[in-house]
1. Taking the conditions exactly as written (under 23 Å from ILE120 (Cβ atoms), aromatic (Phe, Trp, Tyr) and surrounded by fewer than 21 Cβ atoms within 10 Å (Cβ to Cβ)), does TYR65 satisfy them or not?
2. Right, CYS51: surrounded by 15 or more Cβ atoms within 10 Å (Cβ to Cβ) and more than 24 Å from ASP25 (Cβ to Cβ) or not?
3. Scan the stretch 80-106 for residues that are surrounded by fewer than 17 Cβ atoms within 10 Å (Cβ to Cβ), under 15 Å from LEU128 (Cα atoms) and not small (Gly, Ala, Ser) and report the count.
Amino acid sequence: MICGLPQFRRFSRRFLLSSSALAADYDVEVGAETGAGKDAGVLRCVFDRLCAVPLPALGLKASIYVSRKEPGLADVSLYGDDPSCCYFTEASDSIDVDSAKPVSRVPFFRGARARGGLFIQNECAGTLFLRFRFLRDKI
């Protein structure tokens, strides 16, 4: 089931992205599962900087921000080639994820952004998986 809690599997494909000018503070594994398939990547990230990985097989890009002051909370956004994708619960553009959890499973939706007091019910598009690994000497 795409928006339920599917079994978490090892990602079939991994990318390691890093900036040679900056030392990494944490790694995050990102995977997405939709009706069109699966894609995954690994990000090497720096606190207080936006970190992004493309998931080209699905036409998605995940962006993650973790503050050095609050490393237990990650701000996650997901963008898609389709203008109606991607929103999270309550039709929001981003979601806060507990980076201390072994694996975070976050359903994402296709539809419209939340506006004012309107109730928006979007269609489930898939599930985003996140797993964080902090480099111990950095926090």
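1. No; evaluated as a whole, the condition is false for this residue.
2. Working: surrounded by 15 or more Cβ atoms within 10 Å (Cβ to Cβ): yes; more than 24 Å from ASP25 (Cβ to Cβ): no.
Taking the combined requirement at face value, the residue does not satisfy it.
3. Summing the residues that are surrounded by fewer than 17 Cβ atoms within 10 Å (Cβ to Cβ), under 15 Å from LEU128 (Cα atoms) and not small (Gly, Ala, Ser) in the stretch 80-106 gives 7.
Since every read-out is calculated from the coordinates, none of them should be taken as a lab result. All values reported here derive from a predicted model rather than from experimental measurement. Cβ: placed from backbone, ideal geometry, glycine included. Neighbour counts: every protein chain shown.
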